[in-house]
Each structure stands twice: as structure tokens, then as C-alpha cells.
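The values are calculated or read from the model by the stated rules, or taken from the named source; none is laboratory data. Since the structure is predicted, the reported quantities are computational estimates derived from the model, not experimental observations. Using ideal geometry, Cβ is built from the backbone for each residue, glycine included, and neighbour counts are taken over all protein chains shown. What goes into the accessible areas is simple: the full protein's heavy atoms, side chains included, and nothing from ligands, DNA or RNA. Shrake-Rupley method; radii C 1.70, N 1.55, O 1.52, S 1.80 Å.
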Amino acid sequence: MIITQEMLNNLIPVFPALGLIAAGCILLAIGLFQAPSPQAANESHGHGWAWGSLAVLLVIWGSWLFSSTQVEYASSLFRTDLLSRSGTHLALLAGCLITALTINKAPSRHACEFHSCLLFLIAGLALVTASSNLTSLYLSLELISIPTVLLLSISRRDNAGREATLKYFALSAFSSAIFLMGASYLFGLAGTTSIDGLVRAIGANSSTMAYIGFVLVIAGLAFRVTAVPFHFYASDVFSGSSLPMAAMLSTIPKIAGFVAMIKLLGGPTLNAALVPVALTTLILLALATMTLGNCLALVQSQCRKLLAYSSIAHSGYIMLGLAALLVQGASSRAVLVYLAAYVIMTIGFFAGISTLRARTDQDVELNDLNGLTSTNLWLGISLSICVLSLIGIPITAGFWAKFEIFRGLLTPGDRLLLFAAVFMAINAAIGAIYYVDILIRLNSSTTAWKNVSLTTLTDKPAIVTCVFCACMTLVWFIVPTWM
Amino acid sequence: MNPATFQTLMLAATLFAIGIVGFLSRKNMILMFLSVELMLAAVAMNFIAFGAHYQNYQGQLFAVLILTIASCEAAIGLALVVSLFKRKATLDIAAWSDLRETDREANVEVPVEQNEPIESYPVLTPAGTDPLVNPVRVSKDGALDTLKA
Amino acid sequence: MLNLVWLIPLVLMLALLAGVLICLFRKGAELAHVPTIVGLSISSAVSLILLFTSQGGVHVAITEGYTWLSLGGMHVPITARLDGIGLIQLNVVTCISLLVAVYARGYMLGDPGYARFFAIISAFVFAMVMLVLVGNLFVLYAFWEGVGLCSYLLIGHWYRRPSAAKAAMKAFLVNRLADCAFLVGILLLWHGIGLVGAENLATVGRLDFDVIFDAVPALAQRQPDLLWWVGLLLLIGAIGKSAQFPFHVWLPDAMEGPTPVSALIHATTMVTAGVYLLARMSPLLLLTPDVLLIAGWLGAITAVLGGLIALFQDDLKRVLAYSTVSQLGLLFLAFGAGVNGELLPLAVVAAMFHLITHAFFKALLFLTAGNVMHAMGDCIDMRKFGGLRKVLPSTHILFLIGALALVGAPPLAGFWSKEGILGLLTLEIGNPQYGSVFAIWLFMGLLSTLLTAIYTFRAYLRTFWGDVKLPAQAGAHPHEATAMMLAPLYILAVGSALIGLVIASTGALAEFVLPIPFLTDPHAHPHAGWWLVIASVGLVMAGATIAYYSISTSGVAAKRSGVPARFAELTSNRFYLDEVFYFCLVAPTQHLSKMVGIFDSQFIDRVIRRGATIPSAIGGRLRTYQTGVLPNYALTMALGIVALVALAFLRG
């Protein structure tokens, strides 16, 4: 078989993913020869692999930045366009942050497997953003969800960890079957699995099958973005997984789900008959999602669960951005900007609270945040900045993210979107209640750490990640055009 | 649409519905996973039917890929079920409802029958280590113990 | 070359960052002045380079820095507009800031808020430089508020002192009042420009100065009333920042801040921002002569009022503060002369001239007052010390130079610039329409010259002559300031002495300043008539004599009686203007806020409190559905899908 230039060109859209998969395979192979020794269970072991995979991520990111990405390449499965370029950046950004956060936290007996799974996951995300075909989209989504199950299982080995793995796995298999059923109907309508052809075919046809297929696909993806009523697993799985994995779960599947939704909804043009359906569906889902997320986050006392529900609420906001995209037919910028800001601030927050515990499976209560600023200035301030960003206060990236969503909602002048914007504003206010509570706790004078030695705060990489994320949110506010 | 395609679609839809109902109503974990497999099989059938209808290979390709992924999921699912069974010695899904929101009692109508978890199971020696003379066992918290003979 | 200008805000921002980091780390506070002074050195070097390379006719140059925001239709670039007035103001700001920062290094030494002080100074100069540079009115407003904030922070530097905290609050609130009008003016102008055909321009781009200047003639034809309101509101903004009657009440209280701050912000840079704004907007004001008339009257009133109040103040810094108020009044008076459109260019030139010289001698006076305060152990009450010429010989000489420049003794700086303004007023005394007004203004200007001479020499004599008298705080051995503190003062003294002569003799200022749209150099430079020069010099001498006799006859603690006593009471109570402010604005506002407060606590708070419980109640109810049983979750998902399909059919 002769390898032609054209074949190589076809690989350009996916070369970050290929690099990551290759690195992951190597790491997996190395892992086979890493003898689990009884004493290794106590030592934190395997930092080297974490640094290695961080280096791989950075190298690939660098080459993606400097490669000739301005040229558009397309094969039957993948292509580069604006969405895939920014989506790949987003994937690599999230990957770097999560890897940096887990440098000291990988399960010591499975460090290689852990990091290779992370690499596969990020590759899957990069592939999702580059997919132009249902087949590749489905495979990429599975490339995310299967390593996620493995990660959940190897990073926490107690009963809670098992239960979280079970719940995530069973429901994810169930929802991916639903997604596939919808996809099969769409394929039946279009006769092709190419997403462009699919969207065109839906545009030309508004039969019952189109509705059912469309709704099933959205429902299958709604599981990944934790939309109501597909959100139930979120808080259970978050509280039953290790902290870095909770950070991963709140970002990676969400990005994948939203990018896939953009591909299916915001392609060329949706059928005018289908727009009201899609719009109503999305707005209803979004409003229910954000309200439920915020109301439930309000009654939590544990950081991980609170973040699980707040991540549900943020999904609701992003879905509104998607709804605006449907009406406006404009760029997917608002959604991507929100996702990027969300990745930075949420991983920053997780990184910050993960330093407070010696083991990643221990719960962090809200009370543990009391007076953190007076004990550890950097950590306290960085966490405060991340929280400010989650509220959406100007001086942080979160402001631009919410601003973009609101702009998308208000620009078309559609009455439904206007109503949604009002609802989102109310929800943002509810969200501010619990975020401000965290802020007050962080900066209160009574500290939970007075008599506790801060020897547990030795996880330098996680602290650095937290500070880095906080700085990034601030810099983003000053330089909002970097995306 | 020719009758054969229509009938296949109907069959697939029925299978899918049976799968959903099975997933929702079964309490045995293995049966739940089998129901998911049933749903995936229905989807594969759908793809094949449409592929035949359009006379192109894309549907069949998709079906093959679905089967592949389904087998991956089955492998993972069964591994998971084994590891869960080791912990609680029951296949009842309701035994795994400790992670929940409220502090009240578990919302399970029939009390779950739980056998005493078995202390340890023999496992294979992991790759990369010299085979041990004594069998390696997994204790309750998952740590590897070398048992003294 | 012009892009070099971006180096200034850049280094200042870095200095600010360094300052913030020093404050955060609480380390290296004793070196906190280094980033500020280095940043200011680079800035002043760059601005001097720009000033001298652009000599020989500056054209308006617009250089785009960086686009802060570009979102669809919204495009907010930060542009710098380099023209004569901008460059002059830029140089005044950076150079005076540098000198004051060097001085403050000595003055603030040992202060617990040392690092904070320098960080805020960097922030202030950054905001001020940007205010001067930017080419868009709206962006200018952002930095206008920025300098206001820094001023607030610096007045309240010693925030544990109740008087400082109060003064900071007062300055902030009075400025807010004026800024409110300013903002309304900006928005009105934005609306007006939209009316005359720039509605397609990007939102903020409508307020680029070029766009404004292009649009105002059409606006003046179609909506003269609107333009009049815009001019008036901009003027209110300007008199708020420049502490003109009736907004002058905040400035004397602002002397609660550290003396370098008084010298930098409340005498030379920030308070001249109002004048700068008028100069910047002069093409617009050209079309609204009524506003200029108001500006002139306010300036004249302020000039006399400030002088009168300064007469009987016992606090040296307050004397200087009222003197600042009065001198700024003269600047506004100069703009008043522009009511006759042909004179507006000359008015701008005269105002800029006095602005420059005033910056030098007023900074000098404040910093020497700072030396006095330093030596007297933070006592600034002239009743408590005297005869300091023996104790502080260098400071004495420096203060004398500053005082002579202030009163306008030839050939020091103040003489030339003040004669420029008064000479401008003489030009049109014969004007049939405004002649009488100009005559009154001239009279008031001369009166303020006399008053200036009296209060300045009174303060000088009371502080430096007579018997040596020291307050208890001064300790046994009051000492002269260190060389580091004196060095900037010498530079300022040289400037105060010579800069007027230099500028007046080269006569280049007009060509430098005037490339402003619609304002052409009329080539008729005001030459102060000999009679005017003789009159003002005579007034200065008369003032000095009066001051001498008032000191020697009445003594410091002598009783005053009759009409002078009542007059003294009136002026030392600042004509009860603070009280007027209180009764007209503060008290009604307080009553209103009390009523609103009742409404707030009784109604709104209750509604909100009740409302805030709703989400948690919903949450409490919802959390019972999180049962932890997996089939329940799957069932809800399935029902959700059914509902979605049903919805699709309903809508589809």
C-alpha cells in the first residue's frame, strides 16, 4: 500500500489525537511492566508519568498552535474548521489542567494506566471536535466514556468509588444506546452518515422520523452535559469519585456533548420547521437544568456535591447559548467561550480544594473553607477569584462568558429568548447566593485551620494549577479577544 | 419504503423497547447490562435495514462498529459486575444506593439480600512480575496481599 | 516613533503590578518606591522625547494601542490622540509625578502604608496618563473615574484617622455628583451624534473625538438646545474635578491626605483634568458660547472666593488649597474669554500656559509646606510655629521662590502666565456685546491678584518670619529635610522661576497647542498693555504691604472687631458654603434615604428574604428525588425522553 500525500493530509485534522493515542498506548504498555509492589501503595509514586504526559500534551498543543492550521482539511470522517480548531485547543487546555492537577494524585499502583486513560480521553475529545461523520462522532464519544469508566474505577477503590463507577457506566451505556437509536433514524432519513448530509436531509424533510431521531440524539447528548432529567448521576458520581476525576467529569464530557450538539444543530441550516421544536426543547431543558442545579446546590454542605449541582446549572446557561445559536445562526462563539471559561474556573476551584485533603477520596466540607485566605493567602485568593468568575463578576473571565450568552440571547429580539434571558438572570442571582457563601467562608476571620498544621497543603502542583487558573481568569478579562 | 425494511424497523423498535423496559425493570445487574446490549442490537439492526434500503455500506459499517463497542462495553460491564460482587456478594442493583442526596433510609422497598462478602478471591499474577510461589490474593480494600503458605 | 507613547502606560502598569505584588507579599515594602520611580522616569523620558521630537507644529496623530473588546458590532479600541494639549498635559503629569515620587520617597519613609502609597501613585499616574492620551470621550470617562478612585484612596491614606476617612468620602461624593452630570452629558452627546448621521458607527466609536468634532457643526444647526445641554453638563463635570464654585468644597478637605498627594493630585494634575477637558472639547464649546460665559463667571467667582477664604486660614496647606481653587478659577476665567469665538484659541493657549506654570510653583509650594510639616512633626497650624527661616533655611528660600511665582512677581513664571490671562480680557473690553462682562472679569481677576498677594505673603511671613516658635510635636531639634527630598524641590524652583520666561519668549506655545479642529491661530497674540503690567505689579506690592501690616499690627492672636471681624468670621467659615451644601443636598438626601430605608427594610427586604427561601425550599423538596437507586434515575431519563418526544409532536 502506498501512502500518498493526500492520505497524510487527511490525518492533519486529527494529528493531536493521534499523538495522544500513541503516547497513551506507550504509557499503557509501560504500565504492564510496572510491578505493583506492596510498599508502592504508601508512596506517591509515578509522578514521572504525570510529568511525561503533561509534556506530551504541551508539545502537541504547541505543534497544533504552530502547524498550518489555517488551511482547511477534510476527509470523510474528520475535518478542520473553526470549531475543531478552537475545540481542540479547549480539549488540550482542559487536558493540561487536569493532568497538572493530578500530578501528585494519580493512584500510585496504576499511575501509568491512569495517565494513559487521561490521554485517551483527551484524544477522544479532540476527535469529537474534529468529527464530520456520525460514525467518527460516535466512536470519539465512546473513546471518552470508556476511559472515563476505567478512570473512575482505578482512581477510587472503596465502595463509594465502585458505586459511582457502576452508576456512570450503566447510565452512560443506556444513554449512548438512545443516542445511537436517534442517529440510526437520522441516517435512515438522510441515507448518509456524514453530518453535513444529515443536517441537509433534516432540512429538507420534516417527517415524524426526523423529530424522533432528533429528539433521541439530543437526549443522548443531554446525558453527557448533565441536563435535567438526565442529571441524576452527576451528584452521586461526583461524590463517589476522586476529586481530580470530579474535575474531569465536570468538564470533558460536557465539552464533548456541547460540541456534538453544535455540530448537529448549528451546521449549515436547520429546517425552518424543525427550529421551533429544537428551540423549545433546548430552552425548556436549559431552564429546568439551571433552576434545578442552582436550587439543589443551595442546600449542599459538601464542596463536591455543590460543584456537581453548580456544574448542572452552568450546563443550563450554555444550553441557552446553544438555543440562541439556533435562532441567530451565528457562530458558536458564545458556547465555546463559556466552555473555555468554565473549564478554567472550575478546574481551578477543584485544584484548590483538592489540596485541602491528603487523600483524594475524602470529602471536603464547606466548613473546611472557612478562613482559608488568612491561613494560605495564595490559595484563598485564587479560590476566591475562581468563585468570582463562577458568579460572573467583571474582572474575571466568567463575566465575558455570561456576557456572551446574554448578548446571544438579546440580540435576535426573539421573545422566547428574551424570556429565557430573564430566567437566566434570576438563576444567576440564585447561583450567586451559594457562591457568595463560599466567598464569605474563604475570607472569614474564623478559620477551620487554626490548630491544623498545613502539612497537608503540600500538593504544590495542584496549588500552582489553582493559582494559574485564577491568573488566567483575570488575564482573560483584560484580554477578552484571545479566543 | 419496501415492506422488508419496514418490518425490520418495526422489529428493531420492538427490540429497543424491550431493552428499555428490561433496563428499567430488572434489578439484576447482569440482566440490566444484557438489556443495554439488546438496545444496541436493535440499533445495529436499524442501521443494517437502512443501509440495505439506501444500498450503501455506511449503515453496515456502523452496525459493525456498534457491535465492537458493545463488546467492549460488555467486557467492562462484566469486569465491573465481578468487582461489585466481590464487595457485597449480591447482584442486586439496589444494594448500591449508598450515594444519595438525603440522610434518610435507602429508598428500597424490598430489603436487599446480602450474603457475607467472601474474604478473598484468587487472582492472576499481574504481568511484569515474577510469578510468585504463593498465590496473590485481593483483600477487601483491593490491596494485594501475598498469603503465607 | 509615535507608538513609543504606549510605553508610558505599559511601564506604569508594570509598576502598578509590582506595587500590588509587594503589597500582597508583604515583603520588600522598603523598596516599594523603586518600581514607581523607575516607571515614572521612563514615562517622563518618553514624554519629553515625544514633546521635543514633535516640535515645529504637532499634527493630530492617532495611534491605536490595543483593542480591548471586539465583539460583533461592539468594537472598543484604545486609541491615543497625540496633539499639542495632550502632549503638554502628558509632560506636566509625568514630570511632576516623577519629582513628587522622589520627594515622597523621603517624606513617606517609615509610614506603615508605604508600599500601598506607591502602588496607588502608580495607579493614579497610569489612569491620569491614559485620561490625557485617549482619543475617545467614553474611554476618557473611564479613566476620569479611575483618577477619582485613586484620589479617594490617597486622601484616605491614613484611613484610621476619622477626618481623613471623612474627607475622602466627601471628595468622592462631590465628584460623583459632578461626574453624574458628566456621564449624562456624554450619553446625550452620543445620542446627538447618532441623530446627525453617525448612527451606523460602532457604539463607542461614536464618541471618538474626531467623530465628535466632525458632527458638532451639524448638531449645532439641527439641535442647538441639545448641544447646549451637552456643553453645560460637560462643564459641570469639569468644575467638579477642578473644584470650581460651587463644587470647590471638597478640595480643601482633601488636604487630609499625605502632602505629596496634595502636591501631585490636588494641586497640579488631577484637578487640572477639568481644564484639560474644556481644552479638549473646545471645538464643541466654540458652538455653545453661553456655556463658556457660565464657565467664565464661575471661574471669576471662584478666583475671588478662593482668595477671600484663603486670607484667614490658619492651616498652611489649606491656604495653598484655596489658592489652588482660586488659580484654577483663573483658568476657567480664561475660557470665559472664549465666549467671543475668535478669542477661544487664545483662551486655550493662555489656559494651558497658566496650567503649566501653576503646576510648577504650586507643586513647589506644597512640597515645601510638606517640609515644614515634616520638621514640625505633622503640625501645619501657622498659629503654632513661626520664624522658621532660621530652622529651615533651604525650605525658606524655596517657599519664597514659589510664593513669588504664585503672586506673579516678574520675571517668575506666574507673572507671565497670569498676565496672559488678564491681557486676554483686556482685548475685548470694547466689545459691544460682552465688553462690560469682560471689564467685570478683569476687575475680578485683578482683585484675585491682590488677594493672592495678601494671603501668600501672610502665610509666608507667619511661617518664616517673626520669633522662632515651635510646636510641641516638633521635638527638640527640628531639622531640614534630607537632600533627597530637597533635590526635586530645587528642580521645581528652577522651573517656577524660568519656565514662564522661556515659554513667553519663544512664543511657540500657540503654534504647538493650536492644531485643534476649528480653532485657528489668529496671529494676534495678546500683549498685556503696560498699564496692566504696572497695575498688577502694583497690586502685588500693595498686597505684600497689607500682609506685612496685618501681621505686625494685629499679631497672630490679636482680636479683630467690627466689620473686619465679621468678614474674617465669614471667610474662615468659608462663606458657609459647606453648610449650604449640607442643607441643600446632604440633609434632604439623608431624609429621603431614611424614608427609602424604611421602605427598603419593611418591604423590599422582606420580599427578598422571603424570595430567597424559595430556591432552597425547592432544593429541599427536589433533593428527596435523589434516591441513589439507579433504576429510578433510568426511569426518570426514560420519562424525560418520552416527554421530549411528546413535546416535539406538539410543537411540530
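Are there any residues in the stretch C:582-617 with a reduction of at least 30 Å² in accessible surface when going from the isolated chain to the assembly of protein chains? Probe 1.4 Å, please list them by number.
Residues shielded by partner chains are C:PRO615, C:SER616.
What FRET efficiency comes out for C:TYR490 versus C:LEU149 if R0 is 41 angstrom and r is the Cβ-Cβ distance? Round to the nearest 0.05.
It comes out at approximately 0.80.
Within chain A, what's the longest stretch lacking trypsin sites (Lys or Arg not before Pro) that sit in DSSP loops with no more than 12 other Cβ atoms inside 10 Å?
Numbers: sites that count: A:ARG359, A:LYS450.
Between the exposed loop sites, the longest stretch runs A:1-358.
I'd like to know which of C:VAL372, C:GLY414, C:THR456 lies farthest towards the positive end of the charge dipole of chain C, counting +1 on Cβ of Lys and Arg and -1 on Cβ of Asp and Glu.
Toward the positive end, the furthest listed residue is C:VAL372.
Compute the distance in nm between two label points, each set 7 Å from the Cα along the Cα-to-Cβ direction, one at C:THR624 and one at B:SER25.
Going by the 7 Å Cα→Cβ label model, 2.8 nm.
For C:LYS594, which lysines qualify as cross-link partners when the Cα separation must be under 26 Å and same-chain residues fewer than eight apart are set aside?
The reachable lysines, counting only those whose Cα sits under 26 Å from C:LYS594, are C:LYS166, C:LYS170.
Using modelled amide H (1.01 Å from N, peptide plane; none on Pro or chain starts), what sits under 5 Å from the amide H of A:PHE78, excluding residues fewer than 5 places away?
Counting only residues 5 or more places away or on other chains, the set is A:SER132.
Give, as a single signed number, the net charge of other residues whose beta carbon lies under 12 Å from the beta carbon of C:ILE265, with Lys and Arg counted +1 and Asp and Glu -1.
+2
Pop a pseudo-label 7 angstrom from the Cα along the beta-carbon direction at both A:HIS47 and A:LEU474 and give the gap in nm to one decimal.
That separation, rounded to one decimal, is 2.7 nm.
Just tell me how shielded A:225-236 is by partners: mean number of partner chain Cβ atoms within 10 Å of each residue's Cβ, no decimals.
5
Using modelled backbone amide H atoms (1.01 Å from N, in-plane), which distant-in-sequence or interchain residues come within less than 5 Å of C:ILE78's amide H?
The list, which skips near neighbours in sequence, is C:GLY65, C:TYR66, C:THR67, C:TRP68.
Please determine, in degrees from 0 to 90 and to the nearest 10, the orientation of helix C:605-622 with respect to the longest principal axis defined by the Cα atoms of chain C, where the helix direction is its Cα long axis.
Approximately 30 degrees, to the nearest 10.
For the stretch B:24-81, run through the chymotrypsin sites (Phe, Trp or Tyr not before Pro) and keep only the ones in DSSP coil with at most 13 other Cβ atoms within 10 Å of their Cβ.
Here the sparse-neighbourhood loop sites are B:TYR57.
Convert each backbone phi in the stretch C:441-458 into a coupling constant with the Karplus relation 6.51 cos²θ - 1.76 cosθ + 1.60 (shift: θ = phi - 60°), then list the ³J(HN,Hα) values in order as whole Hz, x for Gly and Pro.
Along the stretch C:441-458, the couplings run 4, 4, 4, 5, x, 5, 4, 5, 4, 4, 4, 4, 4, 5, 5, 5, 5, 4 Hz.
Considering every residue in A:145-152, what mean count of other chain Cβ atoms within 10 Å of its Cβ is obtained?
That average works out to 2.
With a Förster radius of 41 Å, plug the Cβ-Cβ distance of A:ILE2 and A:LEU32 into 1/(1 + (r/R0)^6) and report the FRET value to the nearest 0.05.
The value I calculate is 0.75.
Within chain C, what whole-number % of the accessible surface is contributed by carbon and sulfur, with the 1.4 Å probe and all protein chains included in the calculation?
Carbon plus sulfur share of accessible area: 70 percent.
Residues of B:70-76, mean number of Cβ from any other protein chain within 10 Å of their own Cβ, rounded to a whole number?
Averaged over the peptide's residues, the number is 4.
Roughly how compact is the protein assembly as shown, stated as its Cα Rg over 2.2 N^0.38 Å to two decimals? Working shown, then result.
On the way: Rg = 37.9 Å, N = 1284, 2.2 N^0.38 = 33.4 Å.
Working it through for the protein assembly as shown, the quotient is 1.14.
Quick one: what are the phi-derived ³J(HN,Hα) couplings along the stretch A:7-20, Karplus 6.51/-1.76/1.60 with θ = phi - 60°, whole Hz, x for glycine and proline?
4, 5, 4, 5, 7, 4, x, 10, 5, x, 5, 4, x, 5
For the stretch A:420-437, in order, what is each residue's ³J(HN,Hα) by Karplus, 6.51 cos²θ - 1.76 cosθ + 1.60 with θ = phi - 60°, in whole Hz (x at glycine and Pro)?
Values, residue by residue: 4, 5, 4, 4, 5, 4, 4, 5, 4, 5, 4, x, 4, 4, 7, 5, 5, 4 Hz.
So how tilted is helix C:114-133 from the main axis of chain C? Cα-based, degrees 0 to 90, rounded to 10.
Rounded to the nearest ten degrees, it is 90.
Total accessible area buried between chains C and A, 1.4 Å probe, in Å² to the nearest 100?
3600 Å²
About the Cα centre of the stretch C:2-571, what is the dipole size in debye to 20, counting +1 per Lys and Arg Cβ and -1 per Asp and Glu Cβ, all else neutral?
Details: 28 positive and 26 negative charges, 368 e Å.
I would put it at about 1760 debye.
Provide a list, ordered by number, of residues in the stretch B:1-43 showing at least 30 Å² less accessible area with every protein chain present than when their chain is taken on its own, using a 1.4 Å probe.
By number: B:PHE16, B:PHE23, B:LEU24, B:PHE33, B:VAL36, B:MET39, B:LEU40, B:VAL43.
Here are some pairs, C:LYS317/C:LYS384; C:LYS390/C:LYS469; A:LYS167/B:LYS27; C:LYS384/C:LYS469; A:LYS305/B:LYS86; B:LYS27/B:LYS88; which of them have Cα atoms lying more than 18 Å apart in this structure?
From the list (C:LYS317/C:LYS384; C:LYS390/C:LYS469; A:LYS167/B:LYS27; C:LYS384/C:LYS469; A:LYS305/B:LYS86; B:LYS27/B:LYS88), the Cα-Cα distance tops 18 Å for A:LYS305/B:LYS86.
What does the charge count near C:PRO411 come to, summing +1 for each Lys or Arg and -1 for each Asp or Glu among other residues with Cβ under 15 Å from its Cβ?
Once all neighbours under 15 Å are counted, the net charge is 0.
I want the local charge near A:SER332. Using Cβ-Cβ distances under 14 Å, sum +1 for each Lys or Arg and -1 for each Asp or Glu among the other residues.
+2
For A:GLN302, what residues show an amide H to amide H distance below 5 Å, using hydrogens built from the backbone and excluding near sequence neighbours?
A:LEU366
Using Cα atoms only, what is the angle between the long axis of helix C:209-222 and the major principal axis of chain C, expressed in degrees (0 to 90) to the nearest 10?
In chain C, helix C:209-222 runs at an angle near 90 degrees to the longest axis.
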